[in-house]
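Participant: Got a structure for you, written out below as structure tokens; questions coming shortly.
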């Protein structure tokens, strides 16, 4: 195996694939990059046994030249070496397991593993995707849901985002049992299907993908999902189990509705967070939200003191003309920051029932909502 490649071209591929290559993995074969070199393309693959990324580099005879085909499994340190190399880099495999890397006046010799030992990957039919989304649409759907998934090991199924496909639509929902995020969007979905994808995997995909290109989603078995974005292929294991029916958690009516500027509310929560946050484990703290002529955010910590911020609202629908509820500051900030609208509607049904935040207006592009459980403060 022998090839020459421009540094920036290789860095781009190694950086994407390196998202799942673990330097502290228990198995040496998961601390490597697999390079498959042919006269048409160089495919870089990395895996942590849960997520796998493949990146294809086209051989064009200018930025990429292949003299001899072959496969190598090279240690993850190659990424750091390539980033600090000169513009042109030469790779050549010698003596079966030694790869020589030359760039300018530098030369490295790295011991490689057998490509046959690299984990076998499932085969996919790249002809009929289950779902097709524009890159920006894909990122937006993930941004609005992934953060509400659980990080606890007690209920693994809640660590994922439930993706439901129905003809013409895609629905995403996530919850950690204290909050919930849901979004529905028109999409090219050709079949009905429900899968649960680890939230961490979806977040990584949105960071790796080229948002100017569409994302094709392939689900061909009950264990693996593959998302194709241009030259990047991202595979992830699916979570096993039945995702809970979240529809029954969402209130169908409300007794109070507050319409308020989203950015002003975010700024107010960011300020009050400095008092609300506890020093013990960096807990985000509880904020009290009171409406009576003005929306007031307040919090009190015995070790830090107390604070209060008043925010004007656009409208308040209520028979009682005032209301009070307490909730987790971080949950509210996460929910509000996931939205892109100017104003939001906050719908309440008493101080101890879950409340809903939705974009305000009739010209909303997405059907989205955020649900948060209140906190008892007495």
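Participant: So, residue 89, is that one modelled with pLDDT of 95 or more, buried (at least 20 other Cβ atoms within 10 Å of the Cβ) and closer than 25 Å to residue 237 by Cα or not?
Facilitator: No.
Participant: Check 73, 59 and return the single one that is in the same structural domain as residue 96 (by TED's automatic domain parsing) and either modelled with pLDDT of 95 or more or surrounded by fewer than 17 Cβ atoms within 10 Å (Cβ to Cβ) (or both).
Facilitator: Only one candidate passes the filter, namely 59.
Participant: Criterion first (surrounded by 14 or more Cβ atoms within 10 Å (Cβ to Cβ) and over 31 Å from the mean Cα position of the chain (by Cα)) does residue 79 satisfy it?
Facilitator: Answer is no for this residue.
Participant: Right, another one. I'd like the residue in segment 312-322 that is surrounded by fewer than 18 Cβ atoms within 10 Å (Cβ to Cβ) and part of a strand (DSSP E or B) and, out of all such residues, is farthest from the chain's Cα centre (by Cα).
Facilitator: Per the criteria, the residue is 318.
Participant: How many residues are in contact (Cβ under 8 Å) with a residue 12 or more places away in the chain and in a strand (DSSP E or B) if we restrict to segment 89-113?
Facilitator: Restricting attention to segment 89-113, the residues satisfying the condition of being in contact (Cβ under 8 Å) with a residue 12 or more places away in the chain are 89-93, 97-99, 101-104, 106, 108, 110-113.
Right, trim to in a strand (DSSP E or B) and you get 89-93, 98-99, 101-103, 106, 108, 110-111, 113.
Residues in segment 89-113 being in contact (Cβ under 8 Å) with a residue 12 or more places away in the chain and in a strand (DSSP E or B): 15 in total.
Matching residues to (1) closer than 18 Å to residue 258 by Cβ; (2) in a helix (DSSP H, G or I); (3) more than 21 Å from the chain's Cα centre (by Cα):
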position: 296; (1), (2), (3): yes, no, yes
position: 334; (1), (2), (3): no, yes, no
position: 351; (1), (2), (3): yes, no, yes
position: 376; (1), (2), (3): no, no, yes
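Participant: Which of (1) touching a strand residue (DSSP E or B) at 6+ places or on another chain (Cβ under 7 Å); (2) buried (at least 19 other Cβ atoms within 10 Å of the Cβ) is the odd one out, the single condition residue 157 does not satisfy?
Facilitator: Only one criterion is unmet by residue 157, namely (2).
Participant: Quick test of your reading of the structure: residue 243 fulfils all but one of (1) under 25 Å from residue 133 (Cα atoms); (2) modelled with pLDDT under 95. Name the failing condition by number.
Facilitator: Status for residue 243: all satisfied but (2).
Participant: Restrict the check to segment 328-335 and report whether at least one residue is surrounded by fewer than 18 Cβ atoms within 10 Å (Cβ to Cβ), closer than 18 Å to residue 314 by Cα and touching a residue at least 12 places away in the same chain (Cβ under 8 Å).
Facilitator: For segment 328-335, residues surrounded by fewer than 18 Cβ atoms within 10 Å (Cβ to Cβ), closer than 18 Å to residue 314 by Cα and touching a residue at least 12 places away in the same chain (Cβ under 8 Å): absent.
Participant: Only one of 258, 215, 266 is buried (at least 20 other Cβ atoms within 10 Å of the Cβ), modelled with pLDDT of 95 or more and assigned by TED's automatic domain parsing to the domain that holds residue 345. Can you tell me which?
Facilitator: Answer to the check: 258.
The values are calculated or read from the model by the stated rules, or taken from the named source; none is laboratory data. Computed from a predicted structure; not experimentally measured. When we count neighbours, we look across all protein chains shown, and the Cβ atoms used for this are built from the backbone with ideal geometry, even at glycine.
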